[in-house]
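Asker: Before I ask anything, let me first share the structure, which is written out below as structure tokens.
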Amino acid sequence: MIALDSSALLAFLYREKGAEQVAEVAAECCISAVNLAEVLGRFAREGHDPTPILAGIESSALEIVPFGTQQAALTAALVPATAAQGLSLGDRACLALAASRGIPALTADRAWAKLDLGISVRLIR
């Protein structure tokens, strides 16, 4: 299992550089509901209806993980260790999911490579 960051899913959906790496592991990925909201928000911000994107994601093998109080606490605990890299709430939600499940995180965000959190981070580009 791999925790998928919104940047990686967006690269896949927009067929950007690194999309093929996401496609190779898509069937074994999970994503936080926070990251899913970021992805859908990008489509809405660009004037597109996010409903078909959500339907496609829900019909795929991608596991959507609810963001509850435990995930919120883990995400908040990452603030001090990630502040210098400017990580967002969504970034930390993905890392918290990876940490809670003991799985790697897949991202397009190079700033994550500078982190020393004991979480395996894989870059798609």
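Computed from the coordinates by the stated procedures, all read-outs in this text should not be read as laboratory data. From a predicted model like this one, the values you see are computed outputs, not experimental measurements. Neighbour counts are summed over all protein chains in view; Cβ atoms, including those assigned to glycine, are modelled from backbone coordinates with ideal geometry.
Asker: Taking the conditions exactly as written (surrounded by 13 or more Cβ atoms within 10 Å (Cβ to Cβ), over 24 Å from R101 (Cα atoms), in contact (Cβ under 8 Å) with a residue 24 or more places away in the chain and of a type in the set (A, V, I, L, M)), does I53 satisfy them or not?
Answerer: In short, yes.
Asker: Here is a follow-up. Under the condition of being charged (D, E, K, R) and under 20 Å from L95 (Cα atoms), which residue from the range 1-41 is surrounded by the fewest Cβ atoms within 10 Å (Cβ to Cβ)? Walk me through how you get there before you give the answer.
Answerer: Here is the first cut: in the range 1-41, the residues charged (D, E, K, R) are 5, 15-17, 20, 24, 28, 38.
Next cut, under 20 Å from L95 (Cα atoms) only: 5, 28, 38.
Working: D5: 31, E28: 13, E38: 22.
By that ranking, first place goes to E28.
Asker: Looking at the range 70-91, can you tell me whether even one residue there is assigned to a helix (DSSP H, G or I), within 20 Å of L40 (Cα to Cα), of a type outside the set (S, T, Y) and in contact (Cβ under 8 Å) with a residue 60 or more places away in the chain?
Answerer: yes
Asker: While we're here: Taking the stated definitions as given, is D109 among the charged types (D, E, K, R) and buried (at least 18 other Cβ atoms within 10 Å of the Cβ)?
Answerer: Numbers: among the charged types (D, E, K, R): yes; buried (at least 18 other Cβ atoms within 10 Å of the Cβ): yes.
So D109 passes the test.
Asker: Is it the case that G47 is loosely packed, with under 15 Cβ neighbours inside 10 Å and either charged (D, E, K, R) or not in a helix (DSSP H, G or I) (or both)? Don't jump to the end; show me each part of the working.
Answerer: Working: loosely packed, with under 15 Cβ neighbours inside 10 Å: yes; either charged (D, E, K, R) or not in a helix (DSSP H, G or I) (or both): yes.
It is true that G47 is loosely packed, with under 15 Cβ neighbours inside 10 Å and either charged (D, E, K, R) or not in a helix (DSSP H, G or I) (or both).
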